[in-house]
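Working notes, beginning with the structure itself.
The values are calculated or read from the model by the stated rules, or taken from the named source; none is laboratory data. For clarity, every value in this text was computed on a predicted model and none was experimentally measured. Positions of Cβ are generated from backbone atoms using ideal geometry, with glycine treated the same way; all protein chains shown enter the neighbour counts.
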Amino acid sequence: MTRSEQPFALYEKIKKSVVKDIESGKLKPDDKVPSETRLAKMFNASRMTANRALKELTEEGRIVRVQGVGTFVARHKPDAALLEIKSIAKEIKDWGGVHSSQILVLKEEKLTEKIAQKMNLKPNDTIFHSIIVHKDRGVCVQYSERFINPKVAPHYLNQDFYEVTPSEYLLEIAPIQEAEHIIEAVNCNKEIQKYLKIKPDEPCLSLKRRTWSFDMIATYSIIISPGSRYKLAGKFMRG
């Protein structure tokens, strides 16, 4: 093997080959990319070399690797509404995706002191709590945890959130007077990593949002999205 054929050059060759197929249209968004094993055979390289090529392409946003499913050509990362509050199902539909969801928690419970402070309520007051993972074509794009004031949405727990998202329902029954957003980059805990099907080192976007309706705090939400699958954008115009 010549010096130019050493693993460093091989992983670059693999990267360039995949990029060429993407840019030429041979591989389109959502198309499956050849596996590490397949690429290693194609280029007479080790799986470690193929893995390095795919890892770097993932970091560059060219491909998306879904644990247990495969590696796919990345879509153009959609802009999610920042200042505007709207349904994640509508956002996914707008960028050409197909929305589905997994309900993890939907129940009544007593407020902890931490959440009570966020909602201007008392510890042990009754609250509605939901956790839902939203997906686009089966790929997890958002972990959404909400605490809802029962005075604002007394029938929240009776809704079919496979058919309508919490945002759609809440916007219909409780028009927002005011909203507060706190955005930061985070590393998720192991539980959320498991729900989103991401690796421990995957950077995520965290949006913590409080909304007011009927002159009271209506909801406190913690919304987490993998950075490789989602981005936030905002625009404000003064009337």
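For region 165-200, a tally of residues being more than 15 Å from the chain's Cα centre (by Cα) and free of Cβ contacts under 8 Å to residues at least 60 places away in the same chain returns 12. Do we have any residue at all in region 209-218 that's small (Gly, Ala, Ser) and under 18 Å from the mean Cα position of the chain (by Cα)? No, because not a single residue in region 209-218 is small (Gly, Ala, Ser) and under 18 Å from the mean Cα position of the chain (by Cα). Of the candidates Arg229, Arg238, the single residue that is outside the structural domain of Lys114 (by TED's automatic domain parsing), assigned to a loop (DSSP other than H, G, I, E, B) and modelled with pLDDT under 90 is Arg238.
Condition check ((1) β-branched (Val, Ile, Thr); (2) crowded, with 19+ Cβ neighbours inside 10 Å; (3) touching a strand residue (DSSP E or B) at 6+ places or on another chain (Cβ under 8 Å); (4) more than 19 Å from Leu196 (Cβ to Cβ)) across all residues:
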{"position": "Gly25", "(1), (2), (3), (4)": "no, no, no, yes"}
{"position": "Phe43", "(1), (2), (3), (4)": "no, no, no, yes"}
{"position": "Thr49", "(1), (2), (3), (4)": "yes, yes, no, yes"}
{"position": "Glu60", "(1), (2), (3), (4)": "no, no, no, yes"}
{"position": "Gln102", "(1), (2), (3), (4)": "no, no, yes, no"}
{"position": "Val105", "(1), (2), (3), (4)": "yes, no, yes, no"}
{"position": "Ile132", "(1), (2), (3), (4)": "yes, yes, yes, no"}
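Please state which one of Lys151, Lys114 is more than 21 Å from the chain's Cα centre (by Cα), of a type in the set (D, E, K, R) and closer than 24 Å to Cys204 by Cα. Exactly one of Lys151, Lys114 is more than 21 Å from the chain's Cα centre (by Cα), of a type in the set (D, E, K, R) and closer than 24 Å to Cys204 by Cα, namely Lys114. In region 135-149 there is no residue matching the filter, namely being farther than 16 Å from Glu91 by Cβ and without any contact (Cβ under 8 Å) to a residue 60 or more places away in the chain.
Residues in region 35-90 that are of a type in the set (Asp, Glu) and not in a helix (DSSP H, G or I) were compared, and the one that is modelled with the highest pLDDT is Glu60.
Taken as a whole, the condition of being in contact with a Cys (Cβ under 9 Å, 6 or more places away or on another chain), assigned to a helix (DSSP H, G or I), in the same structural domain as His134 (by TED's automatic domain parsing) and of a type outside the set (D, E, K, R) applies to Ile192.
Quick grid of which residues meet (1) surrounded by fewer than 17 Cβ atoms within 10 Å (Cβ to Cβ); (2) in the same structural domain as Lys194 (by TED's automatic domain parsing); (3) out of contact with any Ser or Thr (no Cβ under 9 Å at 6 or more places or on another chain):
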{"position": "Ser87", "(1), (2), (3)": "no, yes, no"}
{"position": "Trp95", "(1), (2), (3)": "yes, yes, yes"}
{"position": "Leu111", "(1), (2), (3)": "no, yes, no"}
{"position": "Gly138", "(1), (2), (3)": "yes, yes, no"}
{"position": "Leu157", "(1), (2), (3)": "yes, yes, no"}
{"position": "Ala179", "(1), (2), (3)": "yes, yes, no"}
{"position": "Ile183", "(1), (2), (3)": "yes, yes, no"}
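Test Pro123 against the stated conditions and say whether it is touching an Asp or Glu at 6+ places or on another chain (Cβ under 6 Å) and either more than 15 Å from Leu106 (Cα to Cα) or crowded, with 21+ Cβ neighbours inside 10 Å (or both). It is true that Pro123 is touching an Asp or Glu at 6+ places or on another chain (Cβ under 6 Å) and either more than 15 Å from Leu106 (Cα to Cα) or crowded, with 21+ Cβ neighbours inside 10 Å (or both).
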